[in-house]
Amino acid sequence: MTYQQNSQPPFEQLSDWLDWLENTRPEHEMELGLDRIRKVAERLDLIKPAPLVITVGGTNGKGSTVAILESILLAAGYKVGVYTSPHLRRFNERIKVNRVEASDASLCDSFQKVNDGLGGDWLSYFEFAVLLAVDVFRKEKVDIALMEVGLGGRLDATNMIEPDISIITTVGLDHQDWLGYSIEAIAKEKAGIFRSEKPAIFGGVETPNSIVDQAVRLESALYRRDKEFELTEEDRTWSWKGLNKTGDCIDYVDLPVPALVIDNAATALQAIQFLPEVVSRDAIVEGLKASHLPGRYEKVLETNKSGEEVQIVFDVAHNPQAAAKLAECLKSDPVSGKTRALIAIYKDKDYHGVIESLSEVVDEWVVADFDSPRALNKADLSEAVARYSGLPVIADNAEQGFQQLKEESTASDRVLVVGSFLTVGAILSIDS
């Protein structure tokens, strides 16, 4: 149906609720702050989504860390709610219980509840989404809620919820207009998810001073990579050593290597040490083996115009840290032909850093854009690619660029789709 600007809730269809949400408070128009959401949450008793809450922030690795935690916790027998953003194909992906997306009916019910409880107050797109997640998790009576921070930490809508365990995966230069122009300034914003006397975990290699300062100020026990916990990679397995909640040293040896980034698995293993009950080694092994995340080095085969199967790699890498990890994966997983990349990205990202990180593993580039006011225009993206590689091909849009690459590639080549959730989601949605 065609959405009418003057349409007002309530609606019977989820698509109408989402149209209304996007038209009245577009996702790209972010308004940070906790006063609005906290007022509505208190009015509706939507403050605590589960008996135990783990909040995960950071520049890179949030999604992988959440996915690994989810997998281990499910293997341990917990009922787990997961809130993430953004989505690849459909809004329902943002809110899951035991890996099952929230149904349209459940989301419509929650939309109605939150809208009825506004009481004249206004919520942003992300604030609405967080309260929908809290309501769904309350209805489903989940044991543990995993909440992924959208932007920053201190003023992000998820920070309205009191976490029992706080995780910062890494800190890099991203969202600088919102968070600051130095690692220390950005780290300080992200450390806003720490809570007094609650465990705080940092998964990066070098810990910014502002993270340590925040933990000291709040008297939060801080667990840092290569200090309080560490990982050791072997040929086919890896080992982890860290501290449990009583300060005793814990070792896990000969662990299976997960499909997701092993650094994030190490961070997740430190987090599970603070659960009320000890998670068994069997659950950890099962969870590591089963962990996965769409759009993170996701490989599929597509048929080209000659009937040959071409390898397609999807990765939402949209900052230099993620791009560097992706480059490592591509190097360790070579093809005999060319790696040909389609990229479309937001203009507020460090796209130069992304392109530079990938330039040594990409042989040919196609640039495109997508339907968003935040999208980087193709001329500027083309100019950036040309600084590090040869001149790219300019496509009308991501879908057209992908089809062109797929049809022209051979079975010895691979096609990489990269740059943002919108880019990867658009291509993944072609056949869905």
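Worth pointing out:
- Of the residues LEU14, ALA341, ILE72, the one whose Cα sits farthest toward the positive end of the charge dipole of the chain, with +1 on the Cβ of Lys and Arg and -1 on the Cβ of Asp and Glu, is ILE72.
- With a cut-off of 20 Å on the backbone N, the residues of segment 238-264 near the modelled label site 7 Å out from ASP226 along Cα-Cβ are 238-243, 261-264.
- R0 of 41 Å, Cβ-Cβ distance SER196-GLU27: FRET efficiency to nearest 0.05: 0.80
- Segment 72-145 - accessible surface per residue (Å², probe 1.4 Å): 35
- Spin-label model distance (nm) - SER103 vs LYS79, 7 Å beyond Cα toward Cβ: 1.5
- The residues of segment 245-298 present an accessible area of 46 Å² per residue when probed at 1.4 Å with all protein chains retained.
- Shape class of segment 109-172 from the alpha-carbon gyration tensor: oblate, with a/c at 1.5 or above and b/c at least as large as a/b.
- Ranked by the mean number of other Cβ atoms within 10 Å of their residues, highest first, the peptides 373-385, 333-345 fall in the order 333-345, 373-385.
- With one equal scatterer per alpha carbon and no solvent term, the Debye-computed log10 I(q)/I(0) for the chain at 0.07, 0.08, 0.11, 0.14 1/Å reads -0.34, -0.45, -0.88, -1.39.
- Length gained when the stretch TRP122-VAL300 is fully extended (0.36 nm per residue, less Cα-Cα span): 59.9 nm
- Per residue solvent-accessible surface (Å²) - segment 330-372, probe of 1.4 Å: 42
- Shown for the chain: the carbon plus sulfur share of the solvent-accessible area, taken with all protein chains present and a 1.4 angstrom probe, equals 46%.
- Cα-derived Rg to Rh of segment 292-420, Kirkwood definition: 0.93
- Karplus 3J(HN,Hα) series, Hz, for segment 33-44 with 6.51 cos²θ - 1.76 cosθ + 1.60 (x for Gly, Pro): x, 10, 4, 5, 5, 5, 4, 5, 4, 5, 4, 9
- Contour excess over end-to-end distance, with Cα ends at SER372 and GLU42 and 0.36 nm allotted per residue: 115.5 nm
- Surface accessible to a 1.4 Å probe, ARG138 within the full protein complex, Å²: 90
- Entries of LYS299/LYS406; LYS338/LYS406; LYS325/LYS378; LYS139/LYS245; LYS48/LYS113; LYS188/LYS325 with Cα pairs more than 19 Å apart: LYS325/LYS378; LYS139/LYS245; LYS188/LYS325
- R0 of 25 Å, Cβ-Cβ distance GLU162-THR246: FRET efficiency to nearest 0.05: 0.65
The values are calculated or read from the model by the stated rules, or taken from the named source; none is laboratory data. The shown structure was predicted, so the numbers you read here are calculated from the model rather than taken from an experiment. Backbone-built Cβ (ideal geometry, glycine too); neighbour counts: all protein chains shown. Accessible surface areas use protein heavy atoms only, side chains included; no ligands, DNA or RNA. Shrake-Rupley method; radii C 1.70, N 1.55, O 1.52, S 1.80 Å.
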